[in-house]
Amino acid sequence: MRRKARQASKAENRPRFWGRHAVAAALDNEERQIHRIWVTREAAAHYDIPKEIPVTFADVADLGRLVPKDAPHQGIVAEVERLDDILLADLLDQAEDGKPLLVLDQVTDPHNVGAILRSAAAFGALGIVTQDRHAPPESGALAKAASGALETMPWVRVVNLARALDDMAAAGFWRIGLTGEANQSLAEALGPARVALVLGAEGEGMRQNTEAHCDALARLPISGIESLNVSNAAAVALYAASVARS
């Protein structure tokens, strides 16, 4: 898949990943450049670290000072280069019937986006699409929440989300916006082989212009509470889409 080249990141802006799954997945990703690894000698035995990557052996306390307070580093920390951006046109060229696309409208919490990436990988989604200026950057917290899915699930960042939704429609996607105010359920809105599930930020929901670029609005079948956390809503929607296509 072609990627738009990013300008070289300065060392101080490089994210640090921590935790077993996040670092192991980064090591397995040929497109991920890893600049340096800090690891305990005990943890190092569980990884196949290429010889060209500088490795510093450290104790648990030293690793704790390299990451946010109380971050569960599990004995390993890696300084990495952010992945180059993926073009939406390339992702749409790889579209397959039955593989849903997730669109996030100003979902900014890295833990939520990471969890959504994990669910997207679990349910065989085509990828996720976010607006570049209103989405979190790659970070250790996001990679930890994604549990390796950051390295495998295509993530497209676009400048204009409405224009991206138009491009999805041109590629044959039925765009369903999830909102509690919708008159029909998600099960009723599903049907076309290619589906883009659009979710808004927790609290604010989708913006009006984003709703206007959806083919249908749908609600999740929940009761007793007003709404779900956006990552939970994404998982439920992806499950519903997987049931519909099977």
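Residue count for the range 139-148 under the criterion of being touching a residue at least 60 places away in the same chain (Cβ under 8 Å) and buried (at least 20 other Cβ atoms within 10 Å of the Cβ): the result is 6.
Could you say whether any residue in the range 121-128 is aromatic (Phe, Trp, Tyr), outside the structural domain of Arg14 (by TED's automatic domain parsing) and in contact with a helix residue (DSSP H, G or I) (Cβ under 6 Å, 6 or more places away or on another chain)? Break it down stepwise before answering.
At the first step, the residues of the range 121-128 found to be aromatic (Phe, Trp, Tyr) are 123.
Filter once more, so that each one left must be outside the structural domain of Arg14 (by TED's automatic domain parsing): 123.
Narrowing further to those that are in contact with a helix residue (DSSP H, G or I) (Cβ under 6 Å, 6 or more places away or on another chain): 123.
The answer is yes; a qualifying residue exists.
Applying a threshold of 7 Å to beta carbon distances and a minimum spacing of six or more residues, or different chains, the list of pairs starting in the range 192-219 at a residue that is in contact (Cβ under 8 Å) with a residue 24 or more places away in the chain and ending at one that is part of a loop (DSSP other than H, G, I, E, B) and of a type in the set (Gly, Ala, Ser) reads Ala193/Gly98; Arg194/Ala95; Arg194/Gly172; Leu217/Ala182; Ala218/Ala182; Arg219/Gly180; Arg219/Ala182. Of all residues in the range 16-36, none satisfies being among the small types (Gly, Ala, Ser) and farther than 20 Å from Ala149 by Cα. Answer yes or no: is there a residue in the range 224-236 that is β-branched (Val, Ile, Thr), assigned to a strand (DSSP E or B) and at pLDDT 90 or above. Within the range 224-236, not a single residue is β-branched (Val, Ile, Thr), assigned to a strand (DSSP E or B) and at pLDDT 90 or above.
Can you say whether Arg118 is without any contact (Cβ under 8 Å) to a residue 40 or more places away in the chain and more than 11 Å from the chain's Cα centre (by Cα), as far as the supplied structure shows? Show your work before the answer.
Details: without any contact (Cβ under 8 Å) to a residue 40 or more places away in the chain: yes; more than 11 Å from the chain's Cα centre (by Cα): no.
Considered against the rule, which asks whether it is without any contact (Cβ under 8 Å) to a residue 40 or more places away in the chain and more than 11 Å from the chain's Cα centre (by Cα), Arg118 comes out as no.
Of all residues in the range 188-206, which are surrounded by 17 or more Cβ atoms within 10 Å (Cβ to Cβ) and outside any loop (DSSP other than H, G, I, E, B)? Residues satisfying the conditions are Ala189, Val195, Ala196, Leu197, Val198, Leu199, Gly200, Ala201, Gly205.
Among the helices (runs of 4 or more DSSP H) confined wholly to the range 33-135, which include 3 or more residues that are among the β-branched types (Val, Ile, Thr) and surrounded by 15 or more Cβ atoms within 10 Å (Cβ to Cβ)? Walk me through how you get there before you give the answer.
On the way: elements: 41-44, 60-64, 88-93, 110-122.
Filter on the range 33-135 gives an empty set.
Going through the range 150-180 one residue at a time, which ones are among the aliphatic types (A, V, I, L, M), in contact (Cβ under 8 Å) with a residue 40 or more places away in the chain and part of a helix (DSSP H, G or I)?
If we filter the range 150-180 for residues that are among the aliphatic types (A, V, I, L, M), which is where we start, we get 150, 153, 156, 158-159, 161-162, 164-165, 168-171, 176, 178.
Those still in the list that are in contact (Cβ under 8 Å) with a residue 40 or more places away in the chain too: 150, 156, 158, 161-162, 164-165, 168-169, 171, 176, 178.
Of everything in the range 150-180, those that are among the aliphatic types (A, V, I, L, M), in contact (Cβ under 8 Å) with a residue 40 or more places away in the chain and part of a helix (DSSP H, G or I) turn out to be Leu150, Leu161, Ala162, Ala164, Leu165, Met168, Ala169.
Here's the yes/no breakdown for (1) among the hydroxyl-bearing types (Ser, Thr, Tyr); (2) at pLDDT 95 or above; (3) under 23 Å from the mean Cα position of the chain (by Cα); (4) assigned by TED's automatic domain parsing to the domain that holds Ala143:
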position	(1), (2), (3), (4)
Pro15	no, yes, yes, no
Val23	no, yes, yes, no
Asn29	no, yes, yes, no
His35	no, yes, yes, no
Val55	no, yes, no, no
Ile76	no, yes, yes, no
Leu92	no, yes, yes, yes
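The values are calculated or read from the model by the stated rules, or taken from the named source; none is laboratory data. Model, not experiment: these values are computed from the prediction. Every residue, glycine among them, receives a Cβ derived from its backbone with ideal geometry; neighbour counts consider all protein chains shown.
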